[in-house]
Amino acid sequence: METRKVKNIFVQGSISSAFIGDSIQKHSMKTDIGAHSIFLGQVRKDVIDGKQVEAIEYSTYEEMALEQMHKIREDIFQNYELTCMHVYHSIGIVKAGEISLFVFTSSIHRNAAVDACKEVVERIKKELPVWGKELFDDATFQWKQNN
């Protein structure tokens, strides 16, 4: 099995639609790919205890998170026949309505891309040391584990 290098998945602030579109467009040259699966995590404007969430401030223990993401990445490539996989997660403040997580998997056939994408998202939610602090419309905040 080919060992891949540890990749930095963190983006300061929200992940722009232009970045997402550009990432998709770059794959049009890879003609051995037959399927892509994309997950976009968006900050919700939830109401908690009568207060409206305006944004989430994400923080992480970066070195530990990148090492854990590398392990997830290696497991996914071992278990699924993927052509490529890209993961980007926001750190810092992301406003309600903006994208904070972008997972993009590609393969020759759709099942591998779809199944791998779903597993990556679930493992990120359970295993990465990423925390979100909900910022409310009244300038208070509340910590929540992972995203």
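Our summary gives the chain a relative contact order of 34 percent, counting only alpha carbon pairs under 8 angstrom and 6 or more residues apart. Along the axis of the charge dipole computed for region 10-145 (Cβ charges of +1 for Lys and Arg, -1 for Asp and Glu, origin at the Cα centre), the listed residues ILE33, VAL53, PHE10 are led at the positive end by ILE33. A Cβ-based charge dipole, computed about the Cα centre of region 10-145 with Lys and Arg at +1 and Asp and Glu at -1, lands at about 280 debye.
Computed over region 10-145, the quotient of the alpha carbon radius of gyration and 2.2 N^0.38 Å is 1.13. For region 31-71, a/c is not less than 1.5, where a ≥ b ≥ c are the root eigenvalues of the C-alpha gyration tensor, and a/b does not top b/c. That puts it in the oblate class.
In terms of the Cα gyration tensor, with a ≥ b ≥ c the square roots of its eigenvalues, is region 57-97 rounded because a/c is under 1.5, prolate because a/b exceeds b/c, or oblate?
Oblate.
The lysines within cross-link reach of LYS126, meaning a Cα-to-Cα straight distance under 21 Å and a gap of 8 or more places when in the same chain, are LYS7, LYS71, LYS118, LYS144. Here the Karplus relation 6.51 cos²θ - 1.76 cosθ + 1.60, evaluated at θ = phi - 60°, turns the backbone of region 28-44 into coupling constants of 5, 7, 8, 7, 8, 8, x, 8, 10, 10, 10, 10, 10, x, 10, 6, 8 Hz, with x for every Gly and Pro.
Packing here is the average count of other Cβ atoms within 10 Å per residue, and on that basis the peptides 28-34, 76-82, highest first, run 76-82, 28-34.
Every read-out reported here was derived from the displayed coordinates using simple, explicitly stated rules and does not represent laboratory data. Computed from a prediction, not measured in an experiment: that's the story for all the values here. FYI the Cβ positions are ideal-geometry reconstructions off the backbone, even for glycines, and counts take in every protein chain you see.
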